[in-house]
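One structure below.
The values are calculated or read from the model by the stated rules, or taken from the named source; none is laboratory data. For clarity, every value in this text was computed on a predicted model and none was experimentally measured. Virtual Cβ from ideal backbone geometry, glycine too; neighbours counted across all protein chains shown. The area values use the complete protein model at the heavy-atom level, side chains included, leaving out ligands, DNA and RNA. Shrake-Rupley method; radii C 1.70, N 1.55, O 1.52, S 1.80 Å.
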Amino acid sequence: MEKGYAIGGNEAVRPFGIRDKLGYMFGDFGNDFTFILSSSFMMVFYTNVMGVSAYLVGLLMMAARFVDAFTDVTMGQIVDRSKPMEAGKFKPWIKRMCGPVAIASFLIYQSGFSDMPMGFKIFWMFITYILWGSIFYTSINIPYGSMASAVSADPKDRADLSTWRTIGATLAGLVIGAGTPIFAYVVVDGQSVLSGPRLTVIAGIFSVCAVVCYLLCFRLVRERVEVPQNRTELDISSMLHSIFTNRALLGIIAAAILLLLGMLGMQGMASYIFPIYYNMPAAQSIATIASSVCVLAFCAPFASRLAKKYGKKELSVASCAFGAAAYLVCLLVRPQDAMVYVVFFSLAYIGLGMFNTVIWAMITDVIDDAEVKNGIREDGTIYSVYSFARKLGQAFSSGMIGWVLTGIGYTQQVGLNPGAYPDIMARVFDWSCLIPVIGLLAVSLALMFLYPLNKSRVEANAAELARRRG
């Protein structure tokens, strides 16, 4: 039986088990009720419902991420310097901030403001998006991600948490990606059109679901490894030097940004490909279901086993290259049937899903590697830097989609009558394939040449830390 202690005491606690895995799964489920809604539907909501240009939406979403350069790292420092409480060091933040993040997400999608002046709509989008992503989402996601290293010191347990976190994200994607298009779109003169009022209601429901999932995470997960309060004096120059000389952290940051460019690019373009290019919103739901089933059936059960045998880095390089190849074939074939496109979409998801399943365990490998080198454990700071990188990837993907759509001439009018603009819609298809091809291939190269933590080095670091801790 695994030994442990309660934070603030020395009594034995229950060993790591299925309750922790389920609880950690619910934590990411809660995150993605607002995150996936934003990455998949915010762009199309503001372009097609609110009438804001795609270029401006992408620009504002990207600008908001630069705010995260301060809020993410600040939150990481707050977490590292917070004093452990009875519930632990990280869990209390989840309970405190679940309400604000859910409310802020709901406020983004207020279709009742569609007739307001453009200046007001842009102001509302920017303020609500900053509140949601840069402040409240940060204040819950940084502690949640950092908590994995406090739930168990065993690398295998952490890999299990990473797998269950991916399961939570996949289930959230299934609910949001499959359910939202079915209820959010209506048919007007034979063309599928996003309904603003319906999306507002959906956003409210998802916010409530997010709070429920966060509270389940708080209730089920147990922190076992005491992470002491960091009382060292904050030295910004030393912190930045540590970050920018940490090759493992820089490598995983590069891979994370590129992964999100590919993955969120796929999800964002799906809102234009299926309902508009193919005029089949149901295909978007089918694509989400199919890709989620692929992740749950192939990635979740096999990723940890393959990573244990071959290494997390080695598995991720191969799987992302496979995903890029799938979309390259799709670009060359140019399927006229939406369901054939769904097949390529799902194959690519198997590739990126393998990396997504183990990536959270790779972060704990980076934290361990830094502790071996520096003798200081900074879970919150390292995770906050990584989280900021992921937000940059999210913002760049939104900006990229907005700029691509603007560059090829896509407007609200094209979305309402795509049959009159065949050349523009052909270019929409091209970029729906090129974005994941470029993004996933770049992930493989970044991991291959930048990220140093191969299987043997991870095992050596775990052994060294076990020796130091006795």
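Ordering of 207-215, 136-144 by packing is 136-144, 207-215, highest average first (other Cβ atoms within 10 Å, averaged per residue).
Label reach from residue 81 (point 7 Å along Cα→C-beta): in segment 131-147, amide nitrogens under 20 Å belong to 135-136, 138-144, 146-147.
Scattering from segment 246-327 was approximated by placing one identical point on each alpha carbon and applying the Debye formula without solvent; log10 I(q)/I(0) at 0.12, 0.16 1/Å stands at -0.47, -0.78. The residue list 90, 117, 140 was ranked by how far each Cα lies along the charge dipole of segment 65-173 toward its positive end, using unit charges on Cβ atoms, and 90 comes out on top. Relative to the longest principal axis of the Cα atoms of the chain, helix 455-469 runs at roughly 40 degrees. For segment 30-37, backbone phi angles converted through the Karplus equation (6.51, -1.76, 1.60; θ = phi - 60°) give residue-by-residue couplings of x, 4, 7, 4, 9, 5, 5, 4 Hz, Gly and Pro being listed as x. Both the radius of gyration and Dmax for segment 400-470 are 22.7, 71 Å, in that order, over alpha-carbon atoms. Highest mean packing first, where packing is the average number of other Cβ atoms within 10 Å per residue, the peptides 89-97, 349-357, 362-370, 455-463 line up as 349-357, 362-370, 89-97, 455-463.
Computed log10 I(q)/I(0) for segment 284-371 at 0.16 Å⁻¹: -0.65, from the Debye equation with unit scatterers placed on every C-alpha and solvent omitted. A Stokes-Einstein calculation at 20 °C with viscosity 1.002 mPa s, built on the Kirkwood radius of segment 134-224 over Cα pairs, returns a diffusion coefficient of 137 µm²/s. The label-point distance for residue 183 and residue 208, in a model that sets each label 7 Å from Cα toward Cβ, rounds to 1.0 nm.
At a Förster radius of 30 Å, what calculated FRET efficiency corresponds to the Cβ-Cβ distance of residue 339 and residue 430, to the nearest 0.05?
0.95
For segment 139-297, the C-alpha radius of gyration divided by 2.2 N^0.38 Å, with N the number of residues, is 1.34.
Between residue 309 and residue 449, the simple label model (points 7 Å from Cα in the Cβ direction) yields a spacing of 3.0 nm.
Each residue of segment 333-346 was assigned a 3J(HN,Hα) from its phi angle through the Karplus curve 6.51 cos²θ - 1.76 cosθ + 1.60 (θ = phi - 60°); the sequence is 6, 6, x, 8, 9, 4, 6, 5, 4, 4, 4, 5, 4, 5 Hz, with glycine and proline shown as x.
Quick check of the Kirkwood formula: for the chain, what is the inverse mean of 1/r over all pairs of different Cα atoms, in Å? Could the numbers behind the result be given before it?
Working: mean 1/r = 0.0446 Å⁻¹.
Kirkwood hydrodynamic radius for the chain: 22.4 Å.
Full extension of the segment from residue 420 to residue 331, taken as 0.36 nm per residue of separation minus the current Cα-Cα distance, would add 29.8 nm.
Note on segment 44-122: percent of Cα-Cα distances in each 10 Å bin, starting at 0 and stopping at the bin with the largest distance, equals 15, 33, 27, 18, 8. Run a plain Debye calculation on segment 369-415 (Cα atoms as equal point scatterers, no solvent) and give log10 I(q)/I(0) at q = 0.18, 0.19 Å⁻¹, rounded to two decimals, same order as the q list. After summing over all Cα pairs, the log10 values are -0.66, -0.69. When the charge dipole of the chain is built from unit charges on Cβ atoms (+1 for Lys and Arg, -1 for Asp and Glu) and taken about the Cα centre, the candidate among 425, 50, 37 whose Cα reaches farthest toward its positive end is 37.
Given a Förster distance of 41 angstrom, what is the FRET efficiency for residue 373 paired with residue 114, based on the Cβ-Cβ distance and rounded to 0.05? Once rounded, the FRET efficiency stands at 0.15. Think of the chain as a dipole: +1 on every Lys or Arg Cβ, -1 on every Asp or Glu Cβ, centred on the Cα centre; then among 412, 380, 103, 380 lies furthest on the positive end. Subtracting the Cα-Cα distance of residue 412 and residue 247 from 0.36 nm times their residue separation leaves 55.0 nm of extension gain. When every alpha-carbon pair in segment 14-155 is counted, what percent end up more than 19 Å apart? The proportion of pairs with Cα distances above 19 Å equals 56 percent. For segment 132-183, the Kirkwood estimate of the hydrodynamic radius, built from every pair of different alpha carbons, is 12.9 Å.
Every helix of 4 or more DSSP H residues in the chain counts as -39500 (n - 2.57), and over all residues that averages to -25000 deg cm²/dmol at 222 nm. Could you state the angle between the C-alpha long axis of helix 118-129 and the longest principal axis of the C-alpha atoms of the chain, as a value from 0 to 90 degrees rounded to the nearest 10? Tilt of helix 118-129: around 20 degrees. Solvent exposure of the chain, expressed per residue, is 38 Å² of accessible area, with all protein chains present and a 1.4 angstrom probe. With the convex hull of the Cα atoms taken as the outline of segment 338-463, the averaged projected area works out to 10.1 nm².
Could you please state how large a percent of the accessible area of the chain is carbon and sulfur, counting protein chains only and using a 1.4 Å probe?
That share works out to 68 percent.
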